[in-house]
1. Looking at 119, 155, 132, which one has the Cα that reaches farthest to the positive end of the dipole of segment 102-166 (charges on Cβ: Lys, Arg +1; Asp, Glu -1)?
2. Structure shown: which of 46/85; 46/97; 52/156 lie over 22 Å apart, alpha-carbon to alpha-carbon?
Amino acid sequence: MGAQIASLRSSANRGVHVSAVNKDAASSAQKAAEGASKQLTNLADKARQLGKPLADRASSVTGVNVSSYADSLLYNLRVAGSLFKQVYIAEGMAPPKLQAIQEAYRTMYARAVDANWWTGIVNNGEWKRLALYAVEAYGIFNIGEMIGRRHIVGYKVDKSAASSASGHH
């Protein structure tokens, strides 16, 4: 894998002058990717340790060798992690800088309080795209709520506790 990364770097850097800033960014990106890879490997090992007794029990109950599925799943997770690491390094990805985040929020705030911007998006039809983004964000929020509640509608309530509490009011 190291040879693949080196060949990607050498082919990407042929004839291109790379500044010290880009080298630092690439170095920090590589360190972050290596850290993520180590964490993924540790997570896979922990999942294997925790899941083995469960897989053995499921195998004895169902008669199906579940551990063979777990091995292939862990292998595929490691391959995916390695692929993500290579893409992360080859594309020179890095988390956004604090200045970029601050600038994005300043721009959003400036547009939100500017009446001319709002009239402009209404006149050119851009409001439709923004409305679609708002609906998507609302949908994603609701999906997160459902996952958090572990129920699609409402919260699960213990009926015995609810009936004893109803006498209080």
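Read the figures in this text as sums done on the coordinates, not as results from a lab. In this text the structure is predicted, and so the values were computed from the model without any measurement. Heads up, the Cβs are rebuilt from the backbone with ideal geometry, glycines too, and the neighbour counts pull from every protein chain shown.
1. Value computed over the given set: 155.
2. Details: 46/85 20 Å; 46/97 33 Å; 52/156 31 Å.
Listed pairs above 22 Å: 46/97; 52/156.
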